[in-house]
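Comments concern the structure below.
Just so it is clear, none of the values below were taken in a lab; they were calculated from the coordinates. Every value quoted in this text rests on a predicted model; they were computed, and no experiment measured them. Because the Cβ atoms are built from the backbone with ideal geometry, glycine has one as well, and the counts that use them run over all protein chains shown.
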Amino acid sequence: MSQKTLFQRIADGEIPGDFVHQDERCFAIRDINPQSPTHILIIPRKPIASNDHVEGEDADLIGHLFLVAKSLAASESLVNGYRLVFNCGSDGGQEVPHLHLHLLGGRKMAWPPG
């Protein structure tokens, strides 16, 4: 049996999380190490290790994550814009092997990013 990821443990209530959204397909929590005034992680309940592990059958789920991000951005009043980021692999900055979408906002973003 494979070990649960940090995000699965949060979803199961084993570790506390600051939930801002929950539905049958995903949940969203505030990042514990925010990189902007608003930093929310939108996480599918289905454990997908990274973007490299997304399959065609996941297309609706990935689209759903973006719609949740849009809704959260509105509820957080990110009227001047925001950034959405998927990190993939260690060189891409991914720290938890469970796909998650970062919603960052509340400040002007620089380009190129880190």
Exercise for the section: Write down Rg/Rh for the chain, rounded to two decimals, with Rg from the C-alpha atoms and Rh from the Kirkwood relation over Cα pairs. Expected result: 0.94
Fill in the blank from the handout: Note on the chain: contact order normalised by length, alpha-carbon pairs under 8 Å, 6 or more apart, percent, works out to 29
Exercise for the section: With only Lys, Arg, Asp and Glu charged, each at its Cβ (+1 for the first two, -1 for the last two), find how big the charge dipole of the chain is about the Cα centre; round to the nearest 20 debye. Expected result: 420
Exercise for the section: Using a cut-off of 12 Å between beta-carbons, work out the net charge of the residues near LEU61 (Lys and Arg +1, Asp and Glu -1, LEU61 not included). Expected result: -3
Fill in the blank from the handout: Any residue on another chain or 5+ positions along whose placed amide H is under 5 Å from the amide H of MET109 is listed here as none
Fill in the blank from the handout: Zone reached by a paramagnetic label modelled 7 Å from ASP91 Cα along Cα→Cβ, restricted to the stretch 28-60 with backbone N below 16 Å, covers 51-52
Completion exercise
With x for Gly and Pro, the residue-by-residue ³J(HN,Hα) of the stretch 89-94, computed from phi through the Karplus equation 6.51 cos²θ - 1.76 cosθ + 1.60 at θ = phi - 60° and given in whole Hz, is x, 5, 5, x, x, 6
Exercise for the section: Sequence neighbours fewer than 8 away in the same chain don't count; with that in mind, list the lysines whose C-alpha is under 21 Å from LYS4. Expected result: LYS46
Fill in the blank from the handout: With the dipole of the stretch 6-105 defined by +1 on each Lys or Arg Cβ and -1 on each Asp or Glu Cβ, the option from CYS26, SER75, GLY93 whose Cα lies farthest towards the positive pole is SER75
Problem - Degrees, to the nearest 10: 59-75 long Cα axis against longest axis of the chain - result: 40
